[in-house]
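Only the coordinates and a few stated rules stand behind these numbers; no lab work does. If you're wondering where the values come from, they're calculated on a predicted model, not measured in any experiment. Reconstructed Cβ throughout: ideal geometry from the backbone, glycine too, with neighbour counts over all protein chains shown.
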């Protein structure tokens with residue numbers, strides 16, 4: 001049986017709800033209406049009766065227990081419209097109780113430094129060999145496989161000229177020696193070089209006259225042996241060079257031209273050799289230097305150098321500057337007769 005106290009509480013709740021709804025409806029009728037305000041107020045009025053009805057139903061079903069039990073049942077009703085409070089924000093993690101050690105503050109000695117990998121290089125072995133020959137000549141063999149068709153400069157004593165290797169990086173030369181202990185150096189534009197030496201015990205029996213130059217100079221050494229005139233048998237020059245066998249036999253001299261005239265800015269040398277110590281007869285040899293006027297050198301100055309080696313005497317060198325005639329004189333020759341000392345042959 002429902003107690004008098006519970007009935008009074010229920011009836012009072014219904015009366016308050018109805019009165020509140022009546023007052024709210026009367027107030028809204030006197031105010032301007034819009035769609036948004038009407039929907040909000042109607043939801044507020046309709047929600048209260050539903051809550052009250054649910055409370056009455058729960059009160060009727062519950063057993064009649066006086067005192068605190070009745071109040072507990074009324075307090076257990078929850079309003080679903082009340083929002084749940086937000087969860088607590090995440091809190092920062094506490095640092096460990098032990099102190100933190102900064103390793104970067106301690107200087108640690110480095111005993112072993114990393115080794116740098118060597119850069120790959122291409123091996124380029126260059127060899128130069130020297131072999132003595134007859135008439136105080138030297139055979140040079142240059143091997144440079146990585147320097148095919150490359151220009152190189154050969155240095156010997158004060159003589160310098162330029163040659164080029166073949167398609168296999170090789171070069172073979174026959175060079176007149178200018179010193180008994182001959183040293184030959186072949187150098188490339190890359191800085192690679194090779195050295196060879198040779199001993200020439202017979203050099204003292206030969207006299208040599210050298211002229212060397214750069215560019216298209218057109219210089220020539222001429223020798224008139226035993227009183228010969230131009231174009232005769234005793235006239236030795238590049239056009240009638242003869243060979244080392246003639247000198248080795250003591251019959252007369254020969255001319256060797258060194259350098260590759262087809263190279264860009266060539267370096268050339270021309271050497272005349274006479275067997276003064278082994279000549280078959282007495283006599284004299286007249287030496288001269290001639291410069292042909294060509295389209296390449298006309299109207300220009302030619303710079304050259306002469307070298308002369310006689311027996312065991314020291315080699316003598318002279319600098320030459322020739323002012324070539326204008327190009328109207330192409331085909332003519334300039335003759336320098338006092339550049340070299342003439343040779344006097346006297347058999348012992």
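Remark: spin-label model distance residue 346-residue 148 equals 5.8 nm, labels positioned 7 Å along the Cα→Cβ axis.
Listed from fewest to most Cβ neighbours within 10 Å, the set 340, 333, 188 follows the order 333, 188, 340.
For a label point 7 angstrom out from the Cα of residue 195 toward its Cβ, which stretches of the range 140-159 have the backbone nitrogen within less than 20 Å? Once the point is set 7 Å along Cα→Cβ of residue 195, 140-144, 152-159 turn out to lie under 20 Å by backbone N, inside the range 140-159. Each of 230, 206 has some number of other Cβ atoms within 10 Å of its Cβ, and from fewest to most they run 230, 206. Only Cα pairs under 8 Å and 6+ residues apart enter the sum, and on that basis the relative contact order of the range 127-345 stands at 19 percent. Counting neighbouring beta carbons within 10 Å and listing from fewest to most, the residues 273, 190, 278 come out as 190, 278, 273. Using the Cβ-Cβ distance between residue 183 and residue 243 with R0 set to 22 Å, the FRET efficiency from 1/(1 + (r/R0)^6) comes to roughly 0.30.
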